[in-house]
Amino acid sequence: MLCFIAFGALNFTLHSTKNHQSHYSFASEDNDVKQLQITQILKDNKFYMKYYADVMSIDTKQTSGTVLLQLKKDSSILLKPDDYLLTSAEFSEIKSALNPGQFNYKNYLKHKGVYHQMYLDNSNFIKLKNPSKTYKGLNAELIAKINSKLQGYNFKADELAIINALVLGQKQDISSEIYNSYTDSGAIHILAVSGLHVGIILLIITFLLQPFKRFKHGGFIIMLSSIVLLWLYAYLTGLSPSVIRAATMFSMVSIAINLKRKTNTYNTLIGSIFIILLFKPQFLFDVGFQLSYAAVFSIVAFQPLIAKLWHPKYKLVNIYWQTFTVTLSAQFGVIPLSVFYFHQIPGLFWLSNLIIIPLLPFILGLAILVIVFVLSFDKTLITSLLASALSYTIAGMNYLLKWISSIESFVFKDLSFSVLNLATSIVFVVSIYLLWKHFSVKRIYFTLFSILLVQISFLVSKYESSGNELVVFHRSKHRMITVKNQRTLTIYNDSLKPNYITTNYKVKQNITNVSYESIPSFISFNEKLILVIDSLGLYTKQVKPDIVILTQSPQLNLDRLIDDIKPEIIIGDGSNYKSYIKSWNETCKQKKVLFHSTEKGAFILNDD
């Protein structure tokens, strides 16, 4: 075991591109000419189109490594995989999370081997002609061709986005509204091509290849053809972690069945994990990878146990019962991870899955059939009829899931869940499985002990969040200050409404009581007096605050303010002009007073 752990650590280190001497970070200097190759299109934001790009060379030196490209949306040039660029734009650090509880995008990209970003516009790069193609470029061209053909059949934008997600593994065009409805209804897993989709695809392939059973080595032909077609589909969907996992696992199962050897599902799963992590150890930190395997392990463990509880007489009822048991079984492994990463539980997951899962083979089969027809034939009546049927089916599915997600009382959001809670919950789930599998006194003791661990973990979480804390958050063009007193949070902001920053903080701190107030001139915290100066720039010499917070770019003489009230520290938040922040920083250096800009991160003052 120690040998395997050491081998895993070595393998991860060797696969980390930043440790290679060819990595661009060892060769980069300001104003160097960089040659980049686009490898993947990402979901854009309000201002930028985003891409992953490999750094092929810097000046004349060959390099390696991947960067995040952010191209201004007003650019007249659209990029696609395999495009080559020349630019002298500088690499910039990816900012860490500025506020407590905020999603750490820098850490997320680090696990994908991306350590820097570049900002581009029309003026600082040249697009080169590239006659050669990689599999990513060919894949992107095929997907673009499929989409251009589908657009001729009057699919709505949301319907086309769902087809891309279900069949092609492309989720970047899904609107926030549709994505949230799938999330809140508990059906988000069907948008990520994974074991469920690959399993259905394999069943379709196996069914189509049944005539080969008549030949002498028909079983081998079916197995080999199934594996090849399965990996071709995985290639079409962009070789995402979940697809690679499913394709690897089903390939191993197919080989084992053809060899007529007894198969152990747990060994097959662990074997597929081992093979995948040999080549892509970074997948270990991929949330989709973790959720996918957690769901499959839970289904294998719990589904047979739950299915034994009832044996329906009628076939249709049995189909829905089996679907329900699979869905419920998956939740044993998925819920702890979902609450830890996403802080919510969709209470009606069973209802949405009971409706969607039985229909999914039909939807997938119909979508694949439509794609084959639009690629193979010109616009025909049968293709139009199939496309219309697919359009109405997806529209109905979207409407149904939107309705389920609108029942907010069954969507449990903003749940606080720490690493310790996650670990003890997994121990509890394992103990429940062992006790259910074989009832014994020792396993009862283990289950009771696991329950005690879960209780202790929640008590520890409450204790850790019981202190007092003042936070000056960073949010561009906005003011936001919070004061936490035990489990009560007072939020001072201009809108007097919740936002994602304070919501994330509330969840992290496991806070139950929240109130909103206007930003006052003075805040008292832990025997320290805090003065807030807004755009009016007003203050009084008679009051000597310990801390001064400058907001909304007040026009004042900071030298005189420091001489008048002699504060210990001055803070500039995100509502100020950057030029003012720079000037105040220089003044504080001269006056030997501490200055903190929230551009470097939120200011946190606590009991410590």
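The values are calculated or read from the model by the stated rules, or taken from the named source; none is laboratory data. Predicted model, so just to flag it, every value in this text is computed and none were measured. Every residue, glycine among them, receives a Cβ derived from its backbone with ideal geometry; neighbour counts consider all protein chains shown. In case anyone asks, the SASA skips ligands and DNA or RNA and just uses the protein heavy atoms, side chains included. Shrake-Rupley method; radii C 1.70, N 1.55, O 1.52, S 1.80 Å.
Key figures for this structure:
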item	result
Test: residue in region 533-546 that is open to solvent by less than 10 Å² (accessible area, probe 1.4 Å), aliphatic (A, V, I, L, M) and modelled with pLDDT of 90 or more	yes
Hits in region 38-73 - residues which are within 24 Å of Gln170 (Cβ to Cβ) and assigned to a loop (DSSP other than H, G, I, E, B)	Leu42, Lys43, Asp44, Asn45, Lys46, Phe47, Lys73
Subset of region 272-285 that is assigned to a helix (DSSP H, G or I) and open to solvent by 70 Å² or more (accessible area, probe 1.4 Å) - its residue that is farthest from Val253 (Cα to Cα)	Phe285
Region 81-105: number of residues that are touching a residue at least 12 places away in the same chain (Cβ under 8 Å) and surrounded by fewer than 15 Cβ atoms within 10 Å (Cβ to Cβ)	6
Tally, over region 378-412, of residues that are among the aromatic types (Phe, Trp, Tyr) and free of Cβ contacts under 8 Å to residues at least 24 places away in the same chain	3
Per-region count, region 387-412, residues open to solvent by 50 Å² or more (accessible area, probe 1.4 Å) and either more than 29 Å from Ile178 (Cβ to Cβ) or in a helix (DSSP H, G or I) (or both)	8
Unique match (being within 19 Å of Arg479 (Cβ to Cβ), under 41 Å from the mean Cα position of the chain (by Cα) and surrounded by 13 or more Cβ atoms within 10 Å (Cβ to Cβ)) among Leu550, Leu558	Leu550
Qualifying positions in region 234-248 - modelled with pLDDT of 80 or more and open to solvent by less than 20 Å² (accessible area, probe 1.4 Å)	Ala234, Ala247, Thr248
Condition met for Ile221 (part of a helix (DSSP H, G or I) and at pLDDT 85 or above)	no
Region 113-141 - residue that is within 13 Å of Phe91 (Cα to Cα) and of a type in the set (Phe, Trp, Tyr) and, of those, least open to solvent (accessible area, probe 1.4 Å)	Tyr115
Residue, modelled with the highest pLDDT, within region 457-469, restricted to residues that are outside any helix (DSSP H, G or I) and open to solvent by 30 Å² or more (accessible area, probe 1.4 Å)	Asn468
Condition check for Leu434: surrounded by fewer than 18 Cβ atoms within 10 Å (Cβ to Cβ), of a type in the set (A, V, I, L, M) and modelled with pLDDT of 90 or more	yes
Residues of region 165-199 that turn out to be in a helix (DSSP H, G or I) and open to solvent by 10 Å² or more (accessible area, probe 1.4 Å), as a count	12
Top-ranked residue in region 286-329 [being under 14 Å from Arg245 (Cβ atoms) and of a type in the set (Phe, Trp, Tyr); ranked as most open to solvent (accessible area, probe 1.4 Å)]	Phe297
Any hit, region 336-343, residues being outside any helix (DSSP H, G or I), at pLDDT 90 or above, out of contact with any Lys or Arg (no Cβ under 8 Å at 6 or more places or on another chain) and of a type outside the set (Gly, Ala, Ser)	no
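Yes or no, residue by residue, for (1) surrounded by 17 or more Cβ atoms within 10 Å (Cβ to Cβ); (2) in contact (Cβ under 8 Å) with a residue 12 or more places away in the chain; (3) not in a helix (DSSP H, G or I):
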position	(1), (2), (3)
Asp414	no, yes, yes
Leu420	no, yes, no
Ala423	no, yes, no
Phe428	yes, yes, no
Tyr445	no, no, no
Gln455	no, no, no
Val471	yes, yes, yes
